[in-house]
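Derivation of every value follows stated rules applied to the coordinates shown; laboratory data play no part. Note that the structure is a prediction, hence the values are computed from the model and not measured. Cβ sites come from the backbone with ideal geometry, for glycine too, and all protein chains shown count toward neighbours.
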Amino acid sequence: MDAEAVISVRDLVVGFPDQVVLDHLSLDIRRGEILGLVGASGGGKSVLLRTIIGLLAKQDGRINILGVDQDSAAPQVLRGIERRWGVLFQQGALFSSLTTRQNVEFPMREYLDASPRLRQDVALAKLGMVGISTEDSEKFPSELSGGMTKRAALARALALDPEIVFLDEPTSGLDPIAAGDFDALIKTLQQTLGLTVFMVTHDLDSLYAVCDRIAVLVDGKIIVQGPIATILACEHPWVKAYFRGKRTRETARALGQTPH
Amino acid sequence: MQPLRSAVRGDALDIILSGSWTSAHVAALEPLVEHALRDAQNRKIRVDLGGIAEIDTFGACLLERLLRAPPGAETPATNVPERMRGLLAEIDRVRGTAGLRVEKKTRLGGIEAIGRATVNAGADLVVFVEMLGRLGDALLRVLRDPRRLRPISVVYQLDRVGLRAVPIIFLITFLIGGIISQQGIFHFRKFGAGDYAVDLVGILVLREIGVLIVAIMVAGRSGSSYTAELGSMKMREEIDALYTMGLDPVEVLLLPRVIALVCALPALTFFGSISALFGGGLVEWFYAGMSPAIYIARLRDAVSVAHFEVGITKAPFMALVIGVVACAEGLRVKGSAESLGLQTTTSVVKSIFLVIVLDGLFAMFFAGIGM
């Protein structure tokens, strides 16, 4: 097992009664890196993410997060671990009856003894970091645009200063400029706050621009992982089609990388 | 070691920080910071950050309070560890732009609330009339071109609000009929008029209670589900999708629902009234010992078709009110889950209120024409 792995998944099996989605999958996520997970639509990327954060039950295998085995740990220990990660859901999943600022304050209110003034200060600071102004912080989620919803959801994921952030398709549904800004934001925050980021994405630009390592999920297994150069050298047909397809070549050219 | 130590040196307050400045410790740190700020009064503050082992956004926000005291002045921070610079600079940048919110307070809040409520009540009336107009318009279009009516939708809704409501309507009206009968017998007996409880049950059920109970049940059962359905369709932009396909949501969604309700409520009222008379008869039999044959004979003397007509005439109008309110409130749902709940509640409360008001108006009308 990798010494610096903050999340370590071993021989994970997850399935539904009539199909196996993840088949003895193993994956390590190292401290301080941004790991991008790619794979076909419906291929189990979100299932893997939801299994790691405990929303789906697994049939077999081990998941170790921040040194705590998710099966054998006591409930209090697990709850303590949950405080140390944040999740950005694909649709944002902001609570619609709270304002944006209250959404960010919500986890703090539940977990911390901070005074209301400090909570508000920190919430506004986090919203400021993701680029949401003080006026917009009093809006309700239904009044926010798609890009702002994602930003607000990221601020909420960061509310408790987590060590790990899970992002489920953070740039889907954003225009290329907004997606690029969001990528830059993730990178900046990762550096400023020292985050470990686990990102499920379809966005090749994100993969090139911000991910330190990429893991490719095909047929329920991680078939290749490593920096972009390793992935581009891989001869697996699915990986070739994904990274060296017509659309990809143009992205690569724009970014000054040549696929082999 | 204390995470915050301070000492007065001449005209300045030296503050030395150490330890963990993270979210887990903010409860203890915040009073220390506030205390130091009170100690400082008008002195300059010098902050030494050298001893801080770890820091996160919470600690940085607290630090920023020290560094910004007094407001506007820059407080020199010394020995800033290299790894903290990025975070502190980021917090300084965003906090510099974040203004404090000013809460608007008005002294005449009560009067303002009354004014707003009055305006809102007026707006509600406009919404109701508008919805009635749009439904009327859609109905005219459908009457001119009957192929535009959606029979499957109407039948499906009839099944939902009519047929499936029958068991609960039967049960409730049966119990209400029995209760009225028992109360009538119990009180009329005191002056030897126990048999007149049959008149009470017959007239009350056929004219008022039957239709009223059924309408209230339907408002709570079907009106609320109409509002919730249409509201969630509105939230998920399904209504907008219909518009963009050139279809009128009023014609496609609302009209079949309202037609179904207007057809179902008179039928339910009829069944409900019969069930109430049946319940009343059973109580007469077991509680007062009046045989069913006598009950039916007395009922025939006490009520006429006119009483039944009075009750059943009101049913379609009440159904229209329930349907229009439910649809109008459904379309007023905005983006949030809370708004969906609020409009559903409003829909039920408003339609029950209007049903009772309508019943009062009908009572005056029928008294006026001598029925």
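Which helices, taking whole DSSP H runs in chain A, have alpha carbons extending 30 angstrom or more along the helix axis plus mean Kyte-Doolittle at least 1.0? Walk me through the intermediate numbers first.
Values: long enough: none.
Span-like helices in chain A: none at all.
Would you calculate a helix-derived [θ] at 222 nm for chain A, using -39,500 (n - 2.57) for each DSSP H run of n ≥ 4 and dividing by the full residue count, to the nearest 500?
Numbers: 10 runs with 100 residues, N = 260.
The helix-only estimate for chain A comes to -11500 deg cm²/dmol at 222 nm.
Using R₀ = 56 Å, calculate the FRET efficiency as 1/(1 + (r/R₀)^6) where r is the Cβ-Cβ separation of B:Ile114 and B:Leu163; round to 0.05. Please list the in-between numbers first.
Numbers: r = 45 Å, r/R0 = 0.81.
E between B:Ile114 and B:Leu163, to the nearest 0.05, is 0.80.
Hey, what number do you get for chain B at 222 nm if only DSSP H runs of n ≥ 4 count, each worth -39500 (n - 2.57), divided across all residues, to the nearest 500?
Numbers: 14 runs with 252 residues, N = 371.
Estimated from H runs of four or more residues: -23000 deg cm²/dmol.
Between B:Thr313 and A:Ala93, what FRET efficiency follows from the Cβ-Cβ distance if R0 is 41 Å, with the result rounded to 0.05? Numbers along the way, then the final one.
Details: r = 51 Å, r/R0 = 1.24.
Efficiency computed from Cβ-Cβ geometry: 0.20.
How crowded by other chains is A:115-128, given as the mean number of beta carbons from other chains within 10 Å of each beta carbon?
Details: counts 5, 0, 4, 9, 3, 4, 10, 11, 2, 8, 12, 4, 2, 8.
If you average over the peptide's residues, the count of other-chain Cβ atoms is 6.
Lysines near B:Lys190 by alpha-carbon distance under 23 Å, same-chain residues fewer than 8 away left out - which ones?
Correct list for B:Lys190: empty, as no lysines qualify.
Summing +1 for each Lys or Arg and -1 for each Asp or Glu, what net charge is found among the other residues whose Cβ lies under 12 Å from the Cβ of B:Ala264? Before the final figure, lay out each step's value.
Details: positive: B:Arg160, B:Arg164, B:Arg221, B:Arg257; negative: B:Asp159.
With Lys, Arg at +1 and Asp, Glu at -1, the neighbours total +3.
Run the dipole for segment B:215-309 about the Cα centre, Lys and Arg Cβ at +1, Asp and Glu Cβ at -1, nothing else charged, and hand back the magnitude in debye, nearest 20. If you can, show how the numbers build up before the last one.
Details: 6 positive and 9 negative charges, 77 e Å.
Taking the Cα centre of segment B:215-309 as origin, the dipole is about 360 debye.
Return the single residue from B:Asp56, B:Asp301, B:Asp145 with maximal mean-square fluctuation; model: Gaussian network over chain B, springs between Cα atoms under 10 Å.
Comparing B:Asp56, B:Asp301, B:Asp145 in the GNM, the peak value goes to B:Asp56.
Multiply the residue separation of B:Arg221 and B:Val129 by 0.36 nm, subtract the distance between their alpha-carbon atoms, and state the gained length in nm to one decimal. Walk me through the numbers on the way to the answer.
Working: separation 92, 0.36 × 92 = 33.12 nm, distance 2.33 nm.
Gain on stretching B:Arg221 to B:Val129: 30.8 nm.
Taking every residue in B:57-64, how many Cβ atoms of other protein chains lie within 10 Å of its Cβ, on average? Don't skip to the end; give the middle numbers.
On the way: counts 12, 10, 2, 5, 11, 4, 0, 2.
Average neighbour count from other chains, rounded to a whole number: 6.
Tell me, what HN-Hα J-couplings in whole Hz come from the Karplus equation 6.51 cos²θ - 1.76 cosθ + 1.60 at θ = phi - 60° for each residue of segment B:181-193, using x for Gly and Pro?
4, 4, 5, x, 4, 4, 8, 5, 4, 4, 10, x, 10
Could you tell me which of the pairs A:Lys126/A:Lys150; A:Lys45/A:Lys126; A:Lys150/A:Lys221 are separated by over 22 angstrom between their Cα atoms in the structure shown?
Values: A:Lys126/A:Lys150 13 Å; A:Lys45/A:Lys126 28 Å; A:Lys150/A:Lys221 29 Å.
The answer is A:Lys45/A:Lys126; A:Lys150/A:Lys221.
Work out from phi, with θ = phi - 60° and the Karplus expression 6.51 cos²θ - 1.76 cosθ + 1.60, the ³J(HN,Hα) of each residue of segment A:215-226, listed in order in whole Hz, and give x for Gly and Pro.
10, 10, 9, 9, 6, x, 9, 7, 8, 7, 8, x
If contacts are Cα pairs under 8 angstrom and at least 6 residues apart, what is the relative contact order of segment A:96-161 in percent?
48 percent.
Obtain the nm distance between the two label points defined at B:Val8 and B:Glu82 by a simple spin-label model: each point lies 7 Å from its Cα along the Cα-to-C-beta direction.
Label at B:Val8, label at B:Glu82, 3.9 nm between them.
Treating the angle as unsigned and between 0 and 90°, give the value, to the nearest 10°, between the Cα long axis of helix B:224-235 and the longest Cα principal axis of chain B.
Helix B:224-235 sits roughly 40 degrees off the main axis of chain B.
Near A:Lys187, which aspartates and glutamates are there with a Cα under 14 Å away, not counting those fewer than 8 places off in the same chain?
Of all the aspartates and glutamates, those that pass the test against A:Lys187 - Cα under 14 Å, at least 8 places apart if same chain - are A:Glu33, A:Asp205, A:Asp212, B:Glu90.
Take each of the peptides B:230-236, B:209-215, average the number of other beta-carbon atoms within 10 Å over its residues, and list them starting from the highest. Can you show the working numbers first?
Working: B:230-236: 19.3, B:209-215: 25.9.
Per-residue mean Cβ counts within 10 Å order the peptides as B:209-215, B:230-236.
I'd like the antiparallel share, as a percent to the nearest 5, of DSSP beta bridges with both residues in the protein assembly as shown. Let's see the in-between values first.
Details: 26 of 55 bridges.
Percent antiparallel among DSSP bridges in the protein assembly as shown is about 45.
Compare A:Arg84, A:Arg117, A:Arg244 in a GNM of chain A, Cα atoms joined below 10 Å, and give the one with the largest fluctuation.
Greatest mean-square fluctuation among the candidates belongs to A:Arg117.
Please state the shape class of chain A: rounded when a/c is under 1.5, otherwise prolate if a/b exceeds b/c and oblate if not, all from the C-alpha gyration tensor.
Details: a/c = 1.92, a/b = 1.26, b/c = 1.52.
Oblate is the answer for chain A, as a/c is 1.5 or above yet b/c matches or exceeds a/b.
On a C-alpha basis, how far is the centre of segment A:158-200 from the centre of segment A:23-59 in Å? Whole number, if you could?
17 Å
Hey, got the average number of other protein chain Cβ atoms within 10 angstrom for residues in A:185-196? Can you show the working numbers first?
Details: counts 0, 0, 0, 2, 1, 0, 3, 9, 6, 5, 0, 0.
Taking all residues of A:185-196 together, the mean is 2.
Rounding to the nearest 20 debye, state how big the charge dipole of segment B:117-368 is about its Cα centre with +1 on each Lys and Arg Cβ and -1 on each Asp and Glu Cβ.
Numbers: 21 positive and 20 negative charges, 46 e Å.
Roughly 220 debye for segment B:117-368.
Read phi for every residue in segment A:20-32 and hand back ³J(HN,Hα) as whole Hz from Karplus 6.51 cos²θ - 1.76 cosθ + 1.60, θ = phi - 60°, with x for Gly and Pro.
9, 8, 10, 10, 6, 8, 10, 7, 10, 10, 8, 4, x
At B:Glu229 and A:Ala184, where each label point lies 7 Å from the Cα along Cα→Cβ, what is the point-to-point distance in nanometres?
4.9 nm
Would you kindly state how much longer the chain becomes between B:Glu34 and B:Lys334 on full extension, computed as 0.36 nm times their sequence separation minus their alpha carbon distance, in nm to one decimal?
Working: separation 300, 0.36 × 300 = 108.00 nm, distance 4.24 nm.
Length gained between B:Glu34 and B:Lys334: 103.8 nm.
Quick one: which residues, 5+ away or cross-chain, put their amide H under 5 Å from the amide H of A:Ile222? H built at 1.01 Å from N.
Those lying under 5 Å, H to H, from A:Ile222 are A:Ser26.
Could you work out which residue, out of A:Gln191, A:Gln225, A:Gln76, moves most in a Gaussian network model of chain A, that is, has the largest mean-square fluctuation with Cα springs under 10 Å?
Its mean-square fluctuation being the largest, the pick is A:Gln76.
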